[in-house]
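Nothing in this text is a laboratory measurement; each read-out follows from the coordinates by a stated rule. Predicted model, so just to flag it, every value in this text is computed and none were measured. Cβ coordinates were reconstructed from backbone atoms using ideal geometry, including for glycine residues, and neighbour counts include every protein chain displayed.
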Amino acid sequence: MKTKPKIKLSAIHLNDGTHGLPKNPRFIKDDKFKKLVESIRDFPEAMPARGIVVDERGVILGGNMRYRGCKELGMKDIPASWVHKLTGLTVAQKRRFIIMDNRPMGEDDMDLLANEWEIDELIGAGFDEEELTGPDDSDKPPKEPDICVCPTCGKKHEAKE
């Protein structure tokens, strides 16, 4: 049985600003990083489509967090299909790629997500439950009604919108 080609993670270089390019402008919070690691572990089939993009020197142009996720999982090498090499780019083009890769261009259609997708699917794909359902206000006391005083009779009553 033929083994699939692998790439050593040590041959890939995190874009930390020491390779003649600006440091990766994106960071990831602990809870989102944990979800990313889980998604790589649970659904590695997605990695060839949205893997790690490197230049001819192996410097990451896109996918720094996925690279870190692979390291977090203890991987020493990864399938070659997870790495996309862009060659022949100028420094200006590499800079543009880095910023474009880290700039979300679209917005989520929350109505479509609510009506067409299961919440467990969305959470598994990286959404936070709060961004899907809104903040949990159950622990907050009910809002006190606005009280107005009638300028004519001085009687207090609840304000109407």
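Which of the trypsin sites (Lys or Arg not before Pro) found in segment 53-120 are loop residues per DSSP with 16 or fewer other Cβ atoms within 10 Å of their Cβ? It would help to have the intermediate numbers written out before the result.
Details: sites: Arg57, Arg66, Arg68, Lys71, Lys76, Lys85, Lys94, Arg95, Arg96; in loops: Arg57, Lys76.
For trypsin sites (Lys or Arg not before Pro) across segment 53-120 that sit outside H, G, I, E and B with at most 16 neighbouring Cβ atoms in 10 Å, the list reads Arg57, Lys76.
Let me know the Rg and Dmax you get for the chain when you use only its Cα atoms, in Å.
Every Cα atom of the chain included, Rg and Dmax give 24.3, 92 Å.
What fraction of the DSSP beta bridges in the chain is antiparallel, stated in percent and rounded to the nearest 5?
Values: 8 of 12 bridges.
Expressed as a percentage, antiparallel bridges in the chain total about 65.
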